[in-house]
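Before I ask anything, let me first share the structure, which is written out below as structure tokens.
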Amino acid sequence: MVPEGWSITKLSDLADVKRGAGSQYLTYVDEPDEGIRLIRIGDFLGDNPKFVSHTSDMDRFILKKDDILIAGTGATAGITFEVPEHFEGYAFSYNAPRIRPKKHVDKVFLVNFLKSNEITKQQRSLFTGNAQPFLDTKAIGGFKILTPPLPEQQKIADILSTWDAAIEKTEALLATAKAQKRALMQSLLTGKRRFPEFEGQPWKEVRLGDVFSRVRRRNTVGNDNVLTISAQHGLVSQEKYFNKRVAAKDLSGYTLLHHGDFAYNKSYSRGYPLGAIKMLEIDEPGVVSSLYLCFALTDKSSNCREYFRHFFEAGRFNHEIYKIAQEGARNHGLLNVSSTDFFRAQVSVPPLAEQRKIAAVLNCAEDQIAEHAQSVEKLRTEKKALMQQLLTGKRRVVVDA
């Protein structure tokens, strides 16, 4: 049902939709001053700049500050990207079509509608079968936009912009908290910064095997909580992480982990070129593949596992792994790190009281990060609910006379 005074309008009537520069127009250059930057789908979420020669043919593919780009293909097909002011003058690529709003539509209103559930539903109807998702300009221009009069568009845009500002501010706080934690890890876990009460107390150089013992506990109890290492979230349920079970049916050969045990995945993962070491933080036991190297503190009264959780997370053990890993030698994608060499590796360990204080400070920093992350997620959820009300006309705004 169309709200009173609104209309259903094709996107092509509200904006100019144009395909970007194809390969026949592109000559890549190495230096920025030799050409112009080309904005591709990958630039929507990251920053890996590529530059091309600025020929006369490229003039038709130049961005303006109020433009909107849409991913036309691939796993992210359909997501939109607001062109920031500093991207003005850059070119856009073939697979990132440009949407340029016309004068009788509010750009902020339009970009929010393009991110709404209404457009997602329309996109899903176009992404059928097993073929690679693809949106041509005809399909994009055919998107149906529920369009209120311009003054109402502008009012809706103002409201949603308020939420965007709150989200941006909270994201900045989150980024600051993460940076502060990284700085604390760098200073506290290296001994560059000491608490006054521990000044003059030396750190001990020991082998990892002096602090930890290998866990070889086999799954004789039939535990079916299969865990996997997520670079971002640690040891997590494999079924929840992959949204399906990928482990073997017979789990009797898996290693059983308890709360506080550690596991080392010797394969590369994003942000962990030498593999990731994570501690099982949840109380519920779980099992991991025998390919993981598992270990636990030998004496919990002599060392603090929370300290070592941060120690491994900060990559403080990477240098030792690098030294013992045989360069280029991988078995099924795993680094060739033997358990013998692993436990012989050297670590520098502060006194127990200092371990505990470092862990407490870093745990506090983590709590601040979690608090800001929850606030960001809460604001995003609230904005999404508000969009569903405002962009469908279920909730009408009052326009100033």
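Say we look at the stretch 274-300 and pick out the residues that are among the small types (Gly, Ala, Ser) and at pLDDT 95 or above; which of these is nearest to Asn318 (Cα to Cα)? Give the steps one after another, and end with the answer.
Restricting attention to the stretch 274-300, the residues satisfying the condition of being among the small types (Gly, Ala, Ser) are 275-276, 286, 289-290, 296.
Add one more test, that the residue is at pLDDT 95 or above, and what stays is 286, 296.
Values: Gly286: 26, Ala296: 18 Å.
Going through the qualifying residues, I end up with Ala296.
Would you say Ser161 is touching a residue at least 40 places away in the same chain (Cβ under 8 Å) and assigned by TED's automatic domain parsing to the domain that holds Ser302?
No, not satisfied.
Counting only residues that are touching a residue at least 60 places away in the same chain (Cβ under 8 Å) and part of a helix (DSSP H, G or I), which one in the stretch 14-40 is surrounded by the most Cβ atoms within 10 Å (Cβ to Cβ)?
Restricting to residues being touching a residue at least 60 places away in the same chain (Cβ under 8 Å) and part of a helix (DSSP H, G or I), the top hit is Leu14.
Among Gly74, Gly42, Gly89, which is out of contact with any Lys or Arg (no Cβ under 8 Å at 6 or more places or on another chain), modelled with pLDDT of 95 or more and farther than 22 Å from Leu160 by Cα?
Values: Gly74 fails: modelled with pLDDT of 95 or more; Gly42 fails: modelled with pLDDT of 95 or more.
The conditions single out Gly89.
Now, a different point. Listed residues Ile358, Ile324, Ile369; which is in contact with a helix residue (DSSP H, G or I) (Cβ under 8 Å, 6 or more places away or on another chain) and at pLDDT below 95?
On the way: Ile358 fails: at pLDDT below 95; Ile369 fails: at pLDDT below 95.
Among Ile358, Ile324, Ile369, only Ile324 is in contact with a helix residue (DSSP H, G or I) (Cβ under 8 Å, 6 or more places away or on another chain) and at pLDDT below 95.
Suppose we filter Lys103, Lys18 for residues that are more than 29 Å from the chain's Cα centre (by Cα), modelled with pLDDT under 95 and of a type in the set (D, E, K, R); which single one remains? If you could, list the steps in order and put the result at the bottom.
Working: Lys18 fails: modelled with pLDDT under 95.
Checking each option against the conditions leaves just Lys103.
Right, Leu280: surrounded by fewer than 18 Cβ atoms within 10 Å (Cβ to Cβ), of a type in the set (A, V, I, L, M) and in contact with a strand residue (DSSP E or B) (Cβ under 7 Å, 6 or more places away or on another chain) or not?
Working: surrounded by fewer than 18 Cβ atoms within 10 Å (Cβ to Cβ): no; of a type in the set (A, V, I, L, M): yes; in contact with a strand residue (DSSP E or B) (Cβ under 7 Å, 6 or more places away or on another chain): yes.
In short, no.
Looking at the stretch 170-203 only, could you name the residues that are small (Gly, Ala, Ser), more than 30 Å from Lys378 (Cβ to Cβ) and in a helix (DSSP H, G or I)? Explain how you work it out, then say what you get.
Here is the first cut: in the stretch 170-203, the residues small (Gly, Ala, Ser) are 172, 175, 177, 179, 183, 187, 191, 200.
Subset that is more than 30 Å from Lys378 (Cβ to Cβ): 187, 191, 200.
Of everything in the stretch 170-203, just one residue is small (Gly, Ala, Ser), more than 30 Å from Lys378 (Cβ to Cβ) and in a helix (DSSP H, G or I), namely Ser187.
Just a yes or no: is a residue in the stretch 261-279 more than 23 Å from the chain's Cα centre (by Cα) and either basic (Lys, Arg) or assigned by TED's automatic domain parsing to the domain that holds Phe312 (or both)?
Let us first name the residues in the stretch 261-279 that are more than 23 Å from the chain's Cα centre (by Cα), namely 261-262.
If we keep only those that are either basic (Lys, Arg) or assigned by TED's automatic domain parsing to the domain that holds Phe312 (or both) too, we end up with 261-262.
Yes: one or more hits.
Are there any pairs, at least 6 apart or on different chains, whose C-beta atoms fall under 8 Å, with the first in the stretch 368-383 and closer than 14 Å to Thr176 by Cβ and without any contact (Cβ under 8 Å) to a residue 40 or more places away in the chain and the second of a type in the set (A, V, I, L, M) and outside any helix (DSSP H, G or I), and if so, which?
So the pair list comes out empty.
Within the stretch 342-401, work out how many residues are surrounded by fewer than 13 Cβ atoms within 10 Å (Cβ to Cβ), basic (Lys, Arg) and not in a loop (DSSP other than H, G, I, E, B).
Residues in the stretch 342-401 being surrounded by fewer than 13 Cβ atoms within 10 Å (Cβ to Cβ), basic (Lys, Arg) and not in a loop (DSSP other than H, G, I, E, B): 1 in total.
Also, quick follow-up: Looking only at the stretch 207-217, filter to residues that are out of contact with any helix residue (DSSP H, G or I) (no Cβ under 9 Å at 6 or more places or on another chain) and either outside the structural domain of Ala345 (by TED's automatic domain parsing) or surrounded by 13 or more Cβ atoms within 10 Å (Cβ to Cβ) (or both); which one of those is modelled with the lowest pLDDT? Spell out how you get there, then give the answer.
Within the stretch 207-217, the first condition is being out of contact with any helix residue (DSSP H, G or I) (no Cβ under 9 Å at 6 or more places or on another chain), and the residues that meet it are 215-217.
Restricting the remaining residues to those that are either outside the structural domain of Ala345 (by TED's automatic domain parsing) or surrounded by 13 or more Cβ atoms within 10 Å (Cβ to Cβ) (or both) gives 215, 217.
On the way: Val215: 98, Arg217: 95.
Ranking the qualifying residues of the stretch 207-217, first place goes to Arg217.
The values are calculated or read from the model by the stated rules, or taken from the named source; none is laboratory data. On a predicted model such as this, the values are computed, not experimentally measured, just so you know. For neighbour counting, all protein chains shown are included, and Cβ atoms are generated from backbone atoms with ideal geometry for every residue, glycine included.
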